[in-house]
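Asks: Just dropping this structure here.
The values are calculated or read from the model by the stated rules, or taken from the named source; none is laboratory data. Predicted, not measured: the structure shown is a model, and the values here were computed from it. All Cβ positions, glycine included, derive from the backbone under ideal geometry; neighbour counts span all protein chains shown.
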């Protein structure tokens, strides 16, 4: 197959009842404050292909147990607060996973969406993943006006790769919180790229949590 990059939209909490319920509560509160009707919430992930890599997946997930290299984890960050990141259950990871899979991909809506067949852009995105910023998940450390989450990661990568991330929208009637945060962070002139803050943990002894629930 030729090089390509596809986007998948997964309902928030696909495969996990607690995440789905918490997402509905969050959206109900956000809709009430914004004086609008609640929307369906979506989490985004990428599938791509490069001749020398093969098929690969890019996605943010909770940190799992085991050797991070087996699932392509290249970036890690804290969840909720920086101090909480000392515990594995309060850390996320971003995977650039050759031969990987997107959990619960069968629940994806209006997917896949082909973003590009340009091998230069696909390669650029592949190379950018380890350079992702790693702010606290669920907080606005970068001052974008929106929390950082999985959608921020995907939007940042697309914008930095040269794709028009601002023209990409979730399925009709849906919302992708964090998307604009990724675009804003990627488009800031001269904005420094923050390397993963937990390198010592990433390179240290294995101590990971397994699980298929998305960190959205």
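Asks: Go through region 126-178 residue by residue and tally those that are outside any loop (DSSP other than H, G, I, E, B) and crowded, with 23+ Cβ neighbours inside 10 Å.
Replies: Number of matching residues: 10.
Asks: Let me ask something else. If you go through region 85-100 one residue at a time, how many are more than 14 Å from the chain's Cα centre (by Cα) and over 14 Å from residue 134 (Cβ atoms)?
Replies: Selection size over region 85-100: 7.
Asks: When you go through 67, 104 one by one, which is the residue that is modelled with pLDDT under 95 and more than 19 Å from residue 6 (Cα to Cα)? First the steps, then the outcome.
Replies: Working: 104 fails: more than 19 Å from residue 6 (Cα to Cα).
Checking each option against the conditions leaves just 67.
Asks: Name the one entry in 89, 102 that is crowded, with 20+ Cβ neighbours inside 10 Å, over 18 Å from residue 180 (Cα atoms) and out of contact with any helix residue (DSSP H, G or I) (no Cβ under 8 Å at 6 or more places or on another chain).
Replies: Values: 89 fails: crowded, with 20+ Cβ neighbours inside 10 Å.
On inspection, the qualifying residue turns out to be 102.
Asks: So, in region 83-116, exactly how many residues are touching a residue at least 24 places away in the same chain (Cβ under 8 Å), farther than 24 Å from residue 40 by Cα and assigned to a loop (DSSP other than H, G, I, E, B)?
Replies: Here the count works out to 2.
Asks: Here is a further query. Right, residue 80: surrounded by fewer than 18 Cβ atoms within 10 Å (Cβ to Cβ), under 21 Å from residue 178 (Cα atoms), over 13 Å from the mean Cα position of the chain (by Cα) and without any contact (Cβ under 8 Å) to a residue 12 or more places away in the chain or not?
Replies: no
Asks: From 55, 62, grab the single residue that is at pLDDT 95 or above and either farther than 18 Å from residue 158 by Cβ or surrounded by fewer than 15 Cβ atoms within 10 Å (Cβ to Cβ) (or both). Walk me through how you get there before you give the answer.
Replies: Numbers: 62 fails: at pLDDT 95 or above.
Result: 55 is the single residue among 55, 62 that is at pLDDT 95 or above and either farther than 18 Å from residue 158 by Cβ or surrounded by fewer than 15 Cβ atoms within 10 Å (Cβ to Cβ) (or both).
Asks: Only one of 62, 55, 119 is under 22 Å from residue 41 (Cα atoms) and either in contact (Cβ under 8 Å) with a residue 40 or more places away in the chain or over 16 Å from the mean Cα position of the chain (by Cα) (or both); which?
Replies: Selected residue: 62, the only one of 62, 55, 119 that is under 22 Å from residue 41 (Cα atoms) and either in contact (Cβ under 8 Å) with a residue 40 or more places away in the chain or over 16 Å from the mean Cα position of the chain (by Cα) (or both).
Asks: Another question about this same structure. If a residue must be farther than 22 Å from residue 117 by Cα and either over 12 Å from the mean Cα position of the chain (by Cα) or touching a residue at least 40 places away in the same chain (Cβ under 8 Å) (or both), how many such residues does region 131-170 contain?
Replies: So the count comes out to 19.
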